[in-house]
Structure formats: C-alpha cells, structure tokens
Amino acid sequence: MDESGGSGQPRSGTDEADERRTGQPRPGDPATTTARPPSDQQPHDAGPPAEPAGATGPAHPGPADDQAGGERTPAPPAGTSHHPTPAPADPPTAGHATEQPHAALRTEAHRSEAHTTPPPGGKQGRKGPAPKRPKEPGGGLLMGRPFGVPVYVAPSWFLVAALITWVFGGQLDRVLPELGMARYLVSLFFAVAFYASVLVHELAHTVAALRFKLPVRRIQLQFFGGVSEIEKETETPGREFVLAFVGPLLSLILGGVFYLALQTVEPGTVPGVLLGGLMISNLIVAAFNLLPGLPLDGGRMLRAVVWKITGKPMSGTIAAAWVGRALAISVLIGLPLLTHSGSLGTDAQDIGGMDTVMDALLAAILAAIIWTGAGNSLRVARLREHLPDLRARALTRRAVPVETHTPLSEALRRANEAGARALVVVDADGDPLSLVREAAIVGVPEHRRPWVAVSGLAQDLTDGMRVSAELAGEDLLEVLRATPATEYLVVEDSGEIYGVLSAADVEKAFVKAMARPS
C-alpha cells in the first residue's frame, strides 16, 4: 500500500514490477516507503493505496477515481457472434456480420496465495451465491422466444418493409394490373413472409448453437435482414463449419419448398407471384451467404477450413476477412455493372438516371456492411487471442479487512502496514459486508479521516459482486457484465477472501489487449 498524499491513487502491477527491476519508485510516485508482501505470495498492487494520517495533500487521481462515486463497468460490450441475413431491396440479398469484441490482458506475473489479512480472531468471508444473469438485451419489439431465445424486430425493419412493399408493388402493377391499390397489401404480405423465412434462417444458426451448448443472446430482425447473437466461439473448426452452413442450407430448403408449392398453383395469379418471389428471394439469400468471405456464412465456413488445415483459428480469420474485403470491393463495383449489363436477367440499361443511383446506393450499403464486418472479425479475433490471459487472480488487488466503525485513517494505516491496496468491511465474524470505494477515499479531506468511519464510504456487497478467483476470459467478463460496479470481491472456491478486483483495472486490460499485436 503506497502513501500517496491522501489521493487513493491506484498503481498497476506493471508499475510495481518496474520498481522491483530498478529499485526506485516510478517518476511522480511519492518518495515514501511501501510495505510489500513476500515475493510470489501476494497479488499485484493494483489498487488504491492507503494514506497514513501524516499525508499532506491529494495527488492526481488514478484511472479508477470517480469523484461522483458512480459505478463503472468494463469497457467492452458483451461478446457476440452475429449471423445477419440482409433483406432484399431490389433484388433481395444477404449478409453475415461478426462478433463484437472481447478484450484480454497478459499481466507480467500473477500470484497464487490468499489476498487478505484476517482480523484478530476473525474468519475469512464465505462465498456468496452465483451472480444473476443480466436482463434481456432488448433491441426493438419482442415477438417471442422460440427455443428460449428472444426475437426482436428492430425499428429499421419497418423502413425496409415499406421499401419492399413499394418496390414489389410496382412489379405487381406490371404483372397483375387488375389488383389496383390492393397490390400494396399483397406486397406487404410478401415482405412479412420473406422476413419469416429470414427468421427461419437465423433459427437454424440458433438451434445449431444451442446444440453445441453456445449461449444465444437474441435474434434481431433489422434493416438488412437478421442477426443471431451467439455469445461464445465454437471450440472446433468442424462445429464452426456446421454452425455457419445450416443457415444457407435452410434458405436453400425453403427455396425448394416454395418451388414445389409453385407447381400446385396457376402462373400469373397472386399465389403464383408470391411463391415465385419467395423462392427467388430465398435462393438469393442462400447464394449470397455462401460467398467465401467474412462476415458472410461462407466466410465462416472458409475460416473453419483454414483453421482445420493450419490448426490456428487466427489464420482462418485473417484469410476469410481479407477475402471478405475483396468481396466488398467487388460488390461496390460489380453490382451496378451487372445490373446495367443485363447479366442479372433484366434488360440492359444505359448508365444514368434514378435506377443507376439506386443500384449504386444499394451496392455501397452492401459493400460497407461486408467491409466493416470483415474488419470487425479481425479485431475480435485479435482480442480473443489474448482473452484467456484476462484472469481475476492476476488482476486482483490485495485487500485488508476492517470492521464497520473503523476510522478511515486507522484503516489506511493498517492497509499500508499490510501492503494492501483495498479495504473490505467485515462484520464481527469476519464475513464481508461491503467494499470501500476508491473514489470515496479520495473525496475525504485528510483532516477528517480520523472521524469518518469506513462503512460510510463503502458499497454494499450484492451476489453479483462476488467473483471467483478462478474466473478468466469470457467467464470473467460475463460475471462483470451481469453486475456493473466499481469494485468486486474476489473469493476462493473455499469461500476465503482473495482480494478486490477493480473495474478500472479490467478497463486497462482491455486497452492493452486492443493495442497488442497478434
């Protein structure tokens, strides 16, 4: 525990390692001595230092300091795998995005022993129950929970539904002019039916993910199709291939079903036009998704193949992402040219006019989605490569337990003597009650610390604020996301207190992981 002039300034385990190597404090650190635990028997000193009563003034606040005392959460969002199936504009198309980033950190060292100094005659705290899962994510109008997975319709869907209704209604006017204005009701039915088939495509991904015991956060129908948010990566290339392939496979099957149904109705009728449009739309969705570049389903299949050959998932991601970027450029340039050349089954058109603008806009949107998804895949893969290094045990601050009515100055003195960097408020039996917030320590003037009890600066412990010292990687991130807080109590499997984990230290770990090369 450092003496920092009453600031509550945290230092990282890297800072401490620098002092061990040089034998000198880092520039800007107070020129005072610090009690250190025996080597390899205590955690990184990464938490708030205790300031003795003789400290004279506040130093600059550390990254975890929050004068308002508000809660902080780890920077990155929940890690997900997305399986979008873009909706048709004219013609229908499909896509497949990548998972959101997780972050990881490799610290210079980690410790393996208990992190607290129990009060005289006291016992270590007991481990609390497992944290509750966070609330459902939302993201639009909830339509249902097939297989227990919430399905949402995003507000942007209504925009694309209106666009499909308008475009398809114009086509119906040429094929079935006798419908009059009723053609727009038929067009709206087509838009809803098409998105129902998109939902089937996404449910195929979802069922496969659940079969492989991968949690699915939600399915969302939006402007350019559907997105299945799968929260974890597959463990083998074979499962990755199957998970990606089932979506296009179901779209192909739906196309075949609509083709068979088309044989039972008369051509040139409303059922015939609807079934023909749904057949073509699903075939286009399947074909587009099978293109071998991230973030499309075919890109994930290519990633699985390269992963299988090289044994390295990162190599598969790099190959599929660069192919995806090449596809984005091809779509941007090639789609308008194909449209006006008549290669897509339409009459050749002159370059110019509103149709050209619409084709170019559609191509630009699709290319942007593919390019961004490919880049996202590379970034996520780099972070996931380091994610296992993000360990609760390595990032935990050493803590000292203090009782409820202990004055802050006395608590800081004990922490400094013990070389601890966090304070845990315990009851008479030594069971943890709350955690003293680092930001609250900073806000107490030096002359008032002998009269301020630690309980007034502490945040009560909830079930979700108890973190196992064995957690690492995605499991650790899931627990922190479930209960946003500034500090967490880290406990051993036996229930003994190991120390305190600061959200600020986790944020630093994310930043370092993002900056590190693969």
Name the single residue, out of those in the stretch 458-477 being open to solvent by 20 Å² or more (accessible area, probe 1.4 Å), assigned to a helix (DSSP H, G or I) and touching a residue at least 12 places away in the same chain (Cβ under 8 Å), that is nearest to T406 (Cα to Cα). D463
Return the residues of the stretch 229-288 that are of a type in the set (S, T, Y), touching a Gly at 6+ places or on another chain (Cβ under 9 Å) and under 19 Å from R303 (Cβ atoms); say none if nothing qualifies. none
Evaluation of P271 against (1) out of contact with any Phe, Trp or Tyr (no Cβ under 7 Å at 6 or more places or on another chain); (2) under 17 Å from F190 (Cα atoms); (3) open to solvent by less than 20 Å² (accessible area, probe 1.4 Å) (one fails), failing number: (3)
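Which of the following residues is in contact with a helix residue (DSSP H, G or I) (Cβ under 7 Å, 6 or more places away or on another chain), buried (at least 22 other Cβ atoms within 10 Å of the Cβ) and not polar (S, T, N, Q): E233, E240? Please lay out each step first, then the result.
On the way: E233 fails: buried (at least 22 other Cβ atoms within 10 Å of the Cβ).
Checking each option against the conditions leaves just E240.
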Please determine whether any residue of the stretch 411-434 is open to solvent by 10 Å² or more (accessible area, probe 1.4 Å), among the charged types (D, E, K, R) and touching a Leu at 6+ places or on another chain (Cβ under 7 Å). yes
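So how many residues does the stretch 481-498 have that are in contact with a helix residue (DSSP H, G or I) (Cβ under 9 Å, 6 or more places away or on another chain) and either part of a loop (DSSP other than H, G, I, E, B) or surrounded by 22 or more Cβ atoms within 10 Å (Cβ to Cβ) (or both)?
Going residue by residue through the stretch 481-498, those that are in contact with a helix residue (DSSP H, G or I) (Cβ under 9 Å, 6 or more places away or on another chain) are 482-490, 498.
Imposing the further condition that a residue be either part of a loop (DSSP other than H, G, I, E, B) or surrounded by 22 or more Cβ atoms within 10 Å (Cβ to Cβ) (or both) reduces the set to 483-490, 498.
Matching residues across the stretch 481-498 total 9.
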When L294 is evaluated against the numbered criteria (1) more than 29 Å from A196 (Cβ to Cβ); (2) surrounded by 15 or more Cβ atoms within 10 Å (Cβ to Cβ), which criterion, by number, is the only one it fails? (1)
Residue hits (the stretch 387-440; touching a Lys or Arg at 6+ places or on another chain (Cβ under 6 Å), farther than 16 Å from S468 by Cα and among the basic types (K, R)) are R421
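How many residues are in contact with a His (Cβ under 9 Å, 6 or more places away or on another chain) and of a type outside the set (K, R) when one looks only at the stretch 292-330? Talk me through it step by step, then tell me what you get.
Residues of the stretch 292-330 that are in contact with a His (Cβ under 9 Å, 6 or more places away or on another chain), as a first pass: 294-300.
With the extra rule that they be of a type outside the set (K, R), the set shrinks to 294-299.
Number satisfying all stated conditions: 6.
Which residue is nearest to the chain's Cα centre (by Cα), if the candidates are limited to the stretch 130-158 and must be at pLDDT 90 or above and in a helix (DSSP H, G or I)? It would help to see each step written out before you state the result.
Going residue by residue through the stretch 130-158, those that are at pLDDT 90 or above are 141-155, 157-158.
Subsequent filtering for residues that are in a helix (DSSP H, G or I) retains 146-148, 155, 157-158.
Numbers: P146: 23, F147: 22, G148: 20, P155: 22, W157: 23, F158: 26 Å.
Here the answer is G148.
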Scanning the stretch 494-518 for residues that are of a type in the set (A, V, I, L, M, F, W, C), modelled with pLDDT of 90 or more and in contact with a His (Cβ under 9 Å, 6 or more places away or on another chain) gives I497, V500
Of the criteria (1) in a loop (DSSP other than H, G, I, E, B); (2) on the phi < 0 side of the Ramachandran plot; (3) at pLDDT below 85, which one P388 fails: (1)
Which one is modelled with the highest pLDDT, of the residues in the stretch 340-385 that are open to solvent by less than 20 Å² (accessible area, probe 1.4 Å) and β-branched (V, I, T)? I370
With the structure loaded, tell me whether V452 is surrounded by 20 or more Cβ atoms within 10 Å (Cβ to Cβ) and not charged (D, E, K, R) or whether it fails that test. no
If you go through the stretch 499-518, how many residues are assigned to a helix (DSSP H, G or I) and open to solvent by less than 20 Å² (accessible area, probe 1.4 Å)? 7
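Looking for whichever is of a type outside the set (V, I, T) and modelled with pLDDT of 95 or more here; the options are L291, L274, L254, L296. Which one fits?
Values: L291 fails: modelled with pLDDT of 95 or more; L274 fails: modelled with pLDDT of 95 or more; L296 fails: modelled with pLDDT of 95 or more.
Of L291, L274, L254, L296, the one residue that is of a type outside the set (V, I, T) and modelled with pLDDT of 95 or more is L254.
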Could you please tell me which pairs satisfy a Cβ distance under 9 Å, a separation of 6+ or placement on different chains, a first residue in the stretch 179-197 that is free of Cβ contacts under 8 Å to residues at least 24 places away in the same chain, and a second residue that is of a type in the set (D, E, K, R) and surrounded by fewer than 17 Cβ atoms within 10 Å (Cβ to Cβ)? G180/D173; R183/D173
In the stretch 172-196, how many are outside any helix (DSSP H, G or I) and surrounded by fewer than 17 Cβ atoms within 10 Å (Cβ to Cβ)? 0
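The values are calculated or read from the model by the stated rules, or taken from the named source; none is laboratory data. All figures in this text were calculated on a predicted structure; none of them were measured in a lab. Every residue, glycine as well, gets a Cβ built from its backbone with ideal geometry; the counts of neighbours run over all protein chains shown. Ligands, DNA and RNA are excluded from the accessible area calculation, which covers all protein heavy atoms including side chains. Shrake-Rupley method; radii C 1.70, N 1.55, O 1.52, S 1.80 Å.
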